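Everything below concerns the one structure shown next.
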Amino acid sequence: MAWIVKPSGTMQIERRSEPYLTEAMRRELEAETLPRYPTKQAATLPALHMVQHAEGWLPFQAIEEIAEFLDLDASEVYDTATFYEEFFLEPKGRYLIQICESIACELCGYVDLKSKLCRKFDITNCETTDDGKFTLQMVECLGMCDDAPAVLINGKMYRKVTWEQIEGVLDALPDDPNEFDAPGIHPAQE
Amino acid sequence: MAMTEPVLLRRIPSHPWGDPADRKYVDYDTHCKTGGYEGLKKALDIEPKDLIDEVKASELRGRGGAGFSAGLKWSFLPEVDGEQRFLAVNADESEPGTFKDRVLMDYDPHLLYEGIAICMRACHLDTAYIYIRGEYHETYYTLERARQEAYANKIFGDSSIMGQINGRKPHVYIHRGAGAYVCGEETGLLESLEGKRGWPRIKPPFPALKGAFGRPTVINNVETLAVLGDIVTKGSDWFRSLGRASSFGEKAPGSYGPKLFGISGHVNRPGVYEEELGVKMSDLIENHAQGVRNGKKYKAAIPGGVAMGFLGADQFDAELDFDCGRKYNVLGLGTAGVILMDEDTSIVSATRNIVHFFMHESCGQCTPCREGSAWVYKILCRMEEGEGTMKDIDLLDELAQSMGAMPGTTICGLADGTNWAVKTAIAKFRAEFEACCRPSQVNVNVATV
């Protein structure tokens with residue numbers, strides 16, 4: 001729910017000396033992204049995606065850096081970032097497991113899948129396992145209704161999922177997510 | 001009246017013409033070898049205003065849900081004034097049950113790029129943004145690959161075969177969302193494109209006059225654009241030979257052309273199927289989707305995305321075209337993503353799931369939607385657990401009837417989704433709601449004479 005108020009007034013901001021929005025990112029934004037739009041603010045979502053892709057989440061310092069880069073107030077970028085469910089303002093696990101909870105998936109076995117997953121990791125919606133490996137998120141429609149139920153793991157789509165199959169996938173995930181076969185191109189292109 | 005050959009799916013193997021297992025990405029060269037971009041080439045010799053007239057004559061109606069006339073939408077644009085004008089492609093497909101655009105973008109994205117180019121030429125739009133939902137990771141990479149192919153082959157860019165449009169080189173960019181259904185609402189999409197929260201705007205001004213970045217903007221759905229190439233190549237008469245006129249008289253807009261139907265839920269063979277508008281749902285389910293799963297009986301269906309409400313047990317033969325809202329007491333055809341439920345489905349649970357979706361996706365601007373959907377959800381949860389009372393049914397109905405753009409209490413139509421799901425469920429399956437509710441009143445012995 002995008003409208004839930006975040007306690008920004010009392011928020012403690014952790015800082016580090018090294019910027020999140022790196023030189024390389026700035027250059028890419030400058031060369032590729034900004035020329036696409038008539039306003040700088042329009043590059044907010046691309047910039048947030050970029051930092052989140054590198055860091056896994058969006059620390060407030062990164063939001064401040066993006067704001068400064070785009071000549072905006074930090075509150076403007078924060079306002080935008082808090083609206084979108086896929087922007088994480090807290091660290092998440094190395095693997096993000098997103099389970100579709102919408103109607104077609106519910107009709108085809110979501111409830112069973114969810115309860116088994118929650119039990120396996122002893123976490124519930126939006127929680128992370130103690131070892132920091134998995135974060136579970138129930139999301140609304142992933143657009144895979146014909147292949148329900150669907151699960152998205154770090155952006156890679158698993159279709160017509162059964163518990164045995166997804167448990168096998170989860171158990172086989174390497175500790176380092178960089179070794180995971182993340183999405184690049186659609187399976188149809190391979 | 002089944003279609004004899006596929007139009008939108010002609011390069012995407014689909015039943016009954018092919019096997020979805022054979023689907024492959026259709027790259028630029030393969031696309032061109034099979035007649036791709038011919039519509040655009042033909043369009044280059046046609047005056048922009050004649051292109052708009054042709055699309056108007058085809059009576060093409062938007063495939064994104066509302067079914068508004070595409071040609072008419074284009075004609076609302078003001079005269080060119082030298083400043084930028086935009087096309088926003090709505091690829092934020094995220095209503096449960098809807099996955100037709102994904103299939104087009106995954107396998108034959110050049111069909112979309114051709115439509116984008118034709119629309120840009122017809123409406124003097126110099127820049128197009130494809131707003132794709134954040135969850136479509138793989139689709140995004142596919143679309144980006146096709147975009148680069150289109151640039152390399154001079155469809156767009158500095159040496160585009162279209163030359164200059166609106167005094168500028170035509171460009172198309174992909175803009176990724178980040179998980180918000182409401183960004184599929186056209187003005188929410190524009191806000192998100194501008195880097196803000198996806199809060200729908202109050203209209204007027206309409207996007208045709210003041211859209212993205214305060215400039216005239218056309219917003220079209222992926223499937224609407226994808227069919228433009230064929231309209232230009234084969235003409236509006238061909239387009240109107242598919243589908244049919246409205247059954248509400250000559251003045252009512254008809255339902256013409258091919259349409260993608262996404263079928264999901266309790267069926268044997270879910271998937272995307274192409275049919276003429278006006279096809280019977282029973283036809284789609286029995287012939288294309290090979291019937292209800294596990295030999296069960298049909299109970300209910302949603303005609304096109306969960307916002308449309310329920311088709312009842314006696315509406316299995318519903319004819320799916322743009323008239324279906326008025327005919328069958330649902331909101332409309334919507335996105336034509338049919339979700340089928342078998343006899344074992346609890347309608348109360350299904351309604352609870354749908355309302356949860358709208359509660360979750362409410363942007364929070366308008367009180368009836370933000371608060372109302374949450375209350376409706378709570379009541380439905382209570383009923384599902386057997387804790388509801390008979391009074392709750394009426395309360396639900398009252399809440400549902402009083403929220404949404406159609407009673408005029410909200411900015412956008414999101415609350416209408418809650419509204420229609422709940423009120424059609426109650427109207428068509430009231431006994432089921434009553435079965436999980438206790439009587440509100442204590443029985444009192446009244447002496448009878």
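Rg and Dmax of the protein assembly as shown, Cα atoms, in Å?
24.4, 94
Gain in length, residue B:246 to residue B:435, computed as 0.36 nm per residue apart minus the alpha-carbon separation, to one decimal in nm?
64.2 nm
Going by a 1.4 Å probe on protein heavy atoms, which residues of the stretch A:141-181 end up with at least 30 Å² less accessible surface in the whole assembly than in their chain alone?
Residues shielded by partner chains are A:141, A:142, A:143, A:145, A:146, A:155.
Could you tell me the total accessible area buried at the A-B interface, probe 1.4 Å, in square angstrom to the nearest hundred?
Between A and B, the summed buried area is about 4900 Å².
Given a 1.4 Å probe and heavy atoms of the protein chains only, how would you sort A:122, B:392, B:27, A:112, largest accessible area at the top?
These residues rank, largest area first, as A:122, A:112, B:27, B:392.
Considering only B:336, B:117, B:431, give the residue with the highest GNM mean-square fluctuation for chain B, with springs between Cα atoms whenever their separation is below 10 Å.
B:431
How large is the translational diffusion coefficient of chain B in µm² per second when you combine the Kirkwood radius over alpha carbon pairs with Stokes-Einstein at 37 °C and 0.692 mPa s?
144
Averaged across B:364-377, how many Cβ atoms of other chains sit within 10 Å of each residue's Cβ atom?
That average works out to 1.
Per residue of A:25-37, how many C-beta atoms from partner chains lie within 10 Å of its own C-beta, taken as a mean?
2
With every protein chain left in place and a probe of 1.4 Å, what is the accessible surface of residue A:72, to the nearest 10 Å²?
Residue A:72 has an accessible surface of roughly 30 Å² with all protein chains in place.
For residue B:246, what accessible area in Å² do you get when you roll a 1.4 Å probe over the heavy atoms of the protein chains, rounding to the nearest 10?
Looks like 20 Å² after rounding.
Starting from the Cα of residue B:391, draw a straight line to each of the lysines and keep only those under 19 Å, dropping any in the same chain fewer than 8 residues away.
Cross-link targets: B:378, B:423, B:428.
Can you show me the helix-derived [θ] at 222 nm for the protein assembly as shown, built from DSSP H runs with n ≥ 4 at -39,500 (n - 2.57) apiece and divided by the number of residues, rounded to the nearest 500.
Calculated mean residue ellipticity at 222 nm is -10500 deg cm²/dmol.
Rounded to the nearest percent, how much of the accessible area of the protein assembly as shown (1.4 Å probe, protein heavy atoms only) is carbon and sulfur?
Answer for the protein assembly as shown: carbon and sulfur cover 49 percent of the accessible area.
Which of the residues in the stretch B:183-199 show a loss of at least 40 Å² in accessible area from their chain by itself to the complete set of protein chains, at a probe of 1.4 Å?
B:195, B:196, B:197
Check cross-link reach from residue B:196 to the aspartates and glutamates: straight Cα distance under 13 Å, and skip same-chain residues fewer than eight apart.
Correct list for residue B:196: A:73, A:76, A:79.
State to the nearest 20 debye the size of the charge dipole of chain B about its Cα centre, where the only charges are +1 on K and R beta carbons and -1 on D and E beta carbons.
480
With every protein chain left in place, what is the accessible area per residue of the stretch A:17-83 in square angstrom, probe 1.4 Å?
In whole numbers, the stretch A:17-83 has 44 Å² accessible per residue.
Cross-link partners among lysines for residue B:41, C-alpha distance below 27 Å, same-chain residues fewer than 8 apart left out?
B:24, B:33, B:49, B:56, B:73, B:100, B:154, B:169, B:234, B:259
Could you rank B:141, A:110 by how accessible they are, 1.4 Å probe, largest area first?
B:141, A:110
Remind me, relative contact order of chain B in percent, using alpha carbon pairs under 8 angstrom and six or more residues apart?
So the answer I get is 15 percent.
Express the accessible area of chain B per residue in Å², computed with a 1.4 Å probe while the remaining protein chains stay in the model.
Each residue of chain B exposes 37 Å² on average to a 1.4 Å probe.
Output the residues of the stretch A:76-91 meeting this criterion: accessible area (heavy atoms, 1.4 Å probe) in the chain alone minus accessible area with all protein chains in place is 50 Å² or greater.
A:83, A:84, A:85, A:86
Remind me, what semi-axes does the stretch B:347-438 give for its equivalent ellipsoid, largest first in whole Å, using sqrt of 5 times each Cα gyration tensor eigenvalue?
22, 12, 10
How big is Rg to Rh over chain A, alpha-carbon atoms, Rh as the Kirkwood inverse-mean-distance radius?
So for chain A, dividing Rg by the Kirkwood Rh gives 0.99.
Cα-based count: Lys pairs in chain A below 17 Å, eight or more positions apart or different chains?
Here the count comes out as 6.
Pick out which of B:21, B:91, B:425 has the largest mean-square fluctuation in a Gaussian network model of chain B, springs linking Cα atoms closer than 10 Å.
B:21
Please report the relative contact order for chain A, taking Cα pairs under 8 Å with a sequence separation of at least 6, and give it as a percent rounded to a whole number.
Answer for chain A is 16 percent.
The values are calculated or read from the model by the stated rules, or taken from the named source; none is laboratory data. Please read all numbers here as calculations on a predicted model, not as lab measurements. FYI the Cβ positions are ideal-geometry reconstructions off the backbone, even for glycines, and counts take in every protein chain you see. Accessible surface areas use protein heavy atoms only, side chains included; no ligands, DNA or RNA. Shrake-Rupley method; radii C 1.70, N 1.55, O 1.52, S 1.80 Å.
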